[in-house]
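Some notes on the structure that comes next.
Read-outs throughout are calculated quantities, based only on the coordinates presented, and are distinct from any laboratory measurement. Since we're looking at a predicted model, the values are computed, not measured. All Cβ positions, glycine included, derive from the backbone under ideal geometry; neighbour counts span all protein chains shown.
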Amino acid sequence: MRLDRPEPRVALGLSLRHLARAAIDLSDGLVGDLGHILDRSRVGAEIDWSAVPVAPSLDGLPEPLRRRLALAGGDDYELLFTAAAENRSAIEAIGGRLGLPLARIGRIVAGEGLHLHDARGRPLTVDGHGFDHFA
């Protein structure tokens, strides 16, 4: 459905202009698109798998496959953005005003790479890397 009828998040993007530090459209998979932000910004990220919104169509799949598809699959057509913690309430208000469920899935950290963990903080493996247009 999203592939055939994406809903551009123009209003969200415009509302985040003075709040977000970085943003990218999620079309090539969370891992791949977040990787672009991390590489360009020379930072790392910690992602809480339990906070990542997952399409209901992936329910019932074995957990490793569900996780790989949710993190490395594409065609999400949402905005992924980073913002300072002090902007959290303003961002939540934007989500409410626009009727968009926004999810805080992790945090930017010093260092390199993407670190995925479960709700208890235990590390999880990130399988996949997102779509590569040049592969």
With θ set to phi - 60° and the Karplus curve 6.51 cos²θ - 1.76 cosθ + 1.60, what are the ³J(HN,Hα) couplings of region 106-113 in order, to the nearest whole Hz, using x for Gly and Pro?
x, 8, 7, 9, 5, x, 9, x
Sequence-distant residues sharing a close amide H with GLY106 (under 5 Å, placed H)
ASP48
Return the long-range amide H neighbours of ALA83 (sequence gap of 5 or more, or a different chain), with a cut-off of under 5 Å between placed amide H atoms.
ARG21
Under the Karplus relation with 6.51, -1.76 and 1.60 and θ = phi - 60°, whole-Hz ³J(HN,Hα) for region 74-82, x at Gly and Pro, equal x, 6, 7, 6, 10, 9, 10, 9, 10
5 Å is the cut-off here: which amide hydrogens, built 1.01 Å from N in the peptide plane, fall below it relative to LEU26, excluding neighbours closer than 5 in sequence?
TYR77, GLU78, LEU79, LEU80
May I ask you to evaluate 6.51 cos²θ - 1.76 cosθ + 1.60, the Karplus curve with θ = phi - 60°, for each residue of region 49-55 and list the ³J(HN,Hα) values in order in whole Hz, giving x for glycine and proline?
4, 5, 9, 6, x, 10, 4
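Taking 41 Å as R0, compute the FRET efficiency from the Cβ-Cβ separation of HIS18 and VAL52 and round it to 0.05.
Details: r = 26 Å, r/R0 = 0.64.
That gives a FRET efficiency of 0.95.
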Taking the dipole about the Cα centre of region 10-124, with the C-beta of Lys and Arg at +1 and of Asp and Glu at -1, give me whichever of PRO56, VAL109, LEU79 is farthest to the positive side.
VAL109
Let's see if you can work this out: charge +1 on each Lys and Arg Cβ, -1 on each Asp and Glu Cβ, no other charges. What is the dipole magnitude of region 19-121 about its Cα centre, in debye to the nearest 20?
280
